[in-house]
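What follows is calculated from the coordinates using simple rules that are stated; it is not laboratory data. The shown structure was predicted, so the numbers you read here are calculated from the model rather than taken from an experiment. In this analysis, Cβ positions are derived from the backbone assuming ideal geometry, glycine residues included, and neighbour counts consider all displayed protein chains.
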Amino acid sequence: MSYPPFGVQLIMFQQHPDYSNDLERILDAIQRAGFRAIECGVDTSADYPRFFKGMLNRRNLRIAGLHGTPNLDIDATLRLMEIYETKDLCISGLGGWENTIAENYLRDIDKLARLGRLCKRHGVSIHYHNHAYEFLPTDEGPTGMELILGNLDPELVDLCVDVAWVRIGGQDPLAFLQRYANRIGYIHLKDYTGDRHWVPLGQGEMPMERILSILPQLLRVRWAIYEQDSSEDDPLEDCQASFRYLRRIVLGKEE
């Protein structure tokens, strides 16, 4: 079976007091854990992108994709992506955090479509990253996700499916992945227990092994990114645990 390449989001390290202001330490930890690609925000080291690229190169790391909002500076972002040699841009926050106003969704969907047309001319793929609020009904009746799927051209902007937020939003992540397989270009793998207590992959309530088993069927997916929003322990240990889990499930290899 052919799986998409795997990477890790920096957010867990950037929000931890032992790592937040030390990018060198973050990258060293990711390299030590075993991952070879990262996803980061469009503002990460944006003031010195070539120096950041050198930091990555020295650790044999690459950038899988950048992450921003519909209001990002697209010209500046495209310049960064050229330096970073990445072709994937994730966008989240349509309508504003926890939005339930249909008009706000439609406004931002139109904005995102314009970004998609521009990015397509530059060979860049845009993926919309969901949270839970998009699965709530809007003031006009349809959910935010229904408005997104009904009004956004998947050839301009496809989906970055965060499987944990799908479940928190009241949906079956397996069914969602299978139903919209032809509209998914990027995956965020995330696990949790209880009320959004984020944990390493395979240690929470998510049916992660089943999710991983259908990844080879999602032929449009360009990257599968491990994302843990926070860590109550050492992010390095959580990152290592998630890498070991992926290695065991995907490759059938133990340490």
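Just one of the listed residues (ASP238, ASP191) is touching a Pro at 6+ places or on another chain (Cβ under 7 Å), surrounded by 21 or more Cβ atoms within 10 Å (Cβ to Cβ) and farther than 17 Å from LEU174 by Cβ, namely ASP238. Checked against the criterion of being touching a Pro at 6+ places or on another chain (Cβ under 6 Å) and of a type outside the set (Phe, Trp, Tyr), the candidates ARG210, ARG248, ARG179, ARG183 yield just one match: ARG183. Restricting attention to the range 99-131, the residues that are within 14 Å of ASP158 (Cα to Cα) and in contact with a strand residue (DSSP E or B) (Cβ under 7 Å, 6 or more places away or on another chain) add up to 12. Being in contact with a Ser or Thr (Cβ under 9 Å, 6 or more places away or on another chain), aliphatic (A, V, I, L, M) and surrounded by 20 or more Cβ atoms within 10 Å (Cβ to Cβ) holds for only one residue in LEU201, LEU152, and it is LEU201.
Within the range 1-38, the set of residues being of a type outside the set (Gly, Ala, Ser), over 13 Å from the mean Cα position of the chain (by Cα) and assigned to a helix (DSSP H, G or I) comprises PHE13, GLN14, LEU23, GLU24, ARG25, ILE26, LEU27, ASP28, ILE30, GLN31, ARG32. Among the residues of the range 120-159, those that are part of a loop (DSSP other than H, G, I, E, B) and either in contact (Cβ under 8 Å) with a residue 60 or more places away in the chain or within 23 Å of LEU78 (Cβ to Cβ) (or both) comprise HIS122, GLY123, VAL124, LEU152, ASP153, PRO154, GLU155, LEU156.
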